[in-house]
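Taking it in order: structure first as structure tokens, then the write-up.
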Amino acid sequence: MRKKSVQSLATTRKGKMRREERGVTLITTLLLLLLMTAMALTMVLSVSSDMLINGYYRNFRGAFYAADSGLNIARHTMIDQMRAAVPGVINAATPPIPAGTEALVLNNILAAYGASTNLNQGKAAGSWPTSFRVVNTPATPTTLALAVTVPPQPTVDKDVNGNITAYHYLYNYRITAVGQSQGSEVATLEDKGSIKINANLAAPAGVRTSFAAWGMFIDQWAICSGGTLVPGIISGPSFTNGAWTFGTSGSYIFTDAVGSHSPNAGYQFSGTCDQKAASSDKVGTQTIAPNFQNGFNLNQPTVPLPSNDFNQKRSVLDGKGELIDPITQLPIPGAPVTNADLNNSLRNVNQTKYPVGGAASGVYLPYGPNGMGVNQFNGGGIYVEGAATSITITPSGATGQTYTIVQGGTTTTITIDIGANTTVMTSGGNTVTIQGVPTQRDPITNAVVRDATMLYVDGNITSLQGAGQGKAAIQDVTALTITAKGTVTVTGDILYKSEPVTLTSTSSTPADTLISANDHGQVLGIFTATGDIQLNNQQPNGNLEIDASIASVAQGGTGGLINVGSAIKTLTIVGGRIQNNIKNINATTRNVYFDRRFAQSGFAPPWFPSTVVAASGALLNATTTATVQRVQWVNKSTF
């Protein structure tokens, strides 16, 4: 009984204790929840603070990089504009960067980048929303935030002859740029240093020019050597590798630019000859003042002369005449044409090849049977072996050109008809008809440039004339050059069928004005590298006209235009005259009208001698380089 009471009491006590512990779990849970909340708040505050710090750092770094980009952009712009101020071609005696360029560059940079400039442009759109601006704080001229110091005179390099070969400019600079990120953070950076601009001078590449581009060219002419230039109107560009000497017997009018290699011109007065670097001179009451309508340029580079006529001779065989270096675009010096070369290309009227051992005379063309058994023209013209007693040039029909070539008692007639695309040769009762006509080909691509003929005579031409005085000789579609190994003697008129320029002047139109309706591509050149162009006029009225660019010129040559016959009353040349030496033409009146087509787009007689002309006025190419020396880079940002 007692045992049961004890157990009942124990049970009662445990139940009471349980009742007293009710709610502890809830309190514990609440305490834990409060702790976790506090911890979460702490974490949120910490993360938020880190995010704010990181965001600020990110924005500041963005502003920093934007400012640094601004420095680089401004510095490179400064370099580019300073280099751009140097012309590509300059006079060696003139510093290439004009004074005040640095101030102009400063203004240009402030105008371009003085306001906020977004770096988020172009292909980078949306990638970097930052900007920069170059600032200018002109408290004093020496504290500009962006400054380019005005340099002293540039230093120069010279060669052993004292010629300037380079200019060196040193510019000190200071640039301040402010970068800004997407927020309000900004960074200010400053860059200081120097920029060196080097302008290296070199002779410019010459321009390939036909000698037909001159209305008058004289190679050898010593100043004040006794003779003077014949007065009158001199049409077309004129140049001498020697010097001009003017006299008092009449007036001079030059319609185009005049130049000479000599630094002085000669002025021949009675008893004295002055040498002056001037366009006029006066002694006492006498004045010599040529009218230079397009300038008088002294002390110019000499014009190189052709060395020989190899190119003209070879052009008969292949239509190209010269080999061109594909890189430099300059001719490769030619080699003499051999008998083997002639044998490979040429045939006479009997279709017999040129003899391997050579020949004393004969007329040959570059042709042979093609794959269809038809004779095909393969080259650029007509080859005459030995001297020609006479050559007569006449038009044939609407598109044909006939050449009548006499060698002793043998006459050969060749008619080249561009319209029919045939060449017919007749001699000694034999005739051969050839498909095709002579063509001029590009020396590099071998493409046909135009229908053109080279008539090459491996000797003298004793008589060259047209159909008769006042009659047409050169067909409208004919492009022709006549070259002789020796002397060419003109005995009668050689006229274009259609005159390309006017031969008389009016109150509004000068002589040698182009007649565009008469330009059919017709052109004639007469060239010898070793002899003279002689005049032996056989026409009864004493007048003579030659429509051609006439050249008797070569390295070391002595050729010129000379009259070996009776005095000529009026000599008229439509084209130009190019010669080694001035010689006596014995004419009462001389009219030379420049064919102004020769001044356009390189137009010239086919395979006419050419040269490389240097820039006038002692001009040089200027190639620039730039180097930068940065001496200080400062982060001027405030935190």
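Quick look at the numbers
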| read-out | value |
| --- | --- |
| The chain, helix-only ellipticity at 222 nm - DSSP H runs n ≥ 4, -39,500 (n - 2.57), divided by all residues, nearest 500 | -6000 deg cm²/dmol |
| Nearest 10 degrees, 0 to 90: helix 101-113 Cα axis against the chain principal axis | 50 degrees |
| Extension gain from THR302 to GLN351, taking 0.36 nm per residue of separation minus the Cα-Cα distance | 13.0 nm |
| Residues whose placed amide H lies under 5 Å from that of ALA452, excluding near-sequence neighbours | THR439, GLN440 |
| Which listed pairs, of LYS471/LYS569; LYS276/LYS485; LYS320/LYS353; LYS353/LYS485; LYS276/LYS583; LYS320/LYS497, have C-alpha distances above 29 Å, in listed order | LYS276/LYS485 |
| Relative contact order (%) - the chain, alpha-carbon pairs under 8 angstrom, separation at least six | 14 percent |
| Amide H contacts of GLN407 (H built 1.01 Å from N, under 5 Å, at least 5 apart or other chain) | THR389, THR412 |
| Tilt relative to the chain, helix 2-20 - C-alpha long axis, 0 to 90 degrees, to 10 | 40 degrees |
| Highest average packing first - 466-473, 262-269, Cβ atoms within 10 Å | 262-269, 466-473 |
| Heavy-atom accessible area ranking, 1.4 Å probe, most first, across HIS168, HIS76 | HIS76, HIS168 |
| Cα lying deepest toward the dipole's positive end in the chain, options ALA484, GLN182, GLY386, charges on Cβ | GLN182 |
| Label point distance in nm, LEU31-HIS76, each placed 7 Å from Cα along Cα→Cβ | 6.8 nm |
| Angle between the chain longest axis and helix 24-84 axis [Cα atoms, degrees, rounded to 10] | 20 degrees |
| Distant-in-sequence amide H partners of SER610 (H built 1.01 Å from N, under 5 Å) | PHE211 |
| Positive dipole terminus of the stretch 261-406, leading residue within THR338, VAL316, GLY368 (C-beta point charges) | GLY368 |
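The values are calculated or read from the model by the stated rules, or taken from the named source; none is laboratory data. All values derive from a computational prediction rather than experimental measurement. Reconstructed Cβ throughout: ideal geometry from the backbone, glycine too, with neighbour counts over all protein chains shown. Just so you know, the surface numbers come from the protein's heavy atoms only, side chains and all, with ligands and any DNA or RNA stripped out. Shrake-Rupley method; radii C 1.70, N 1.55, O 1.52, S 1.80 Å.
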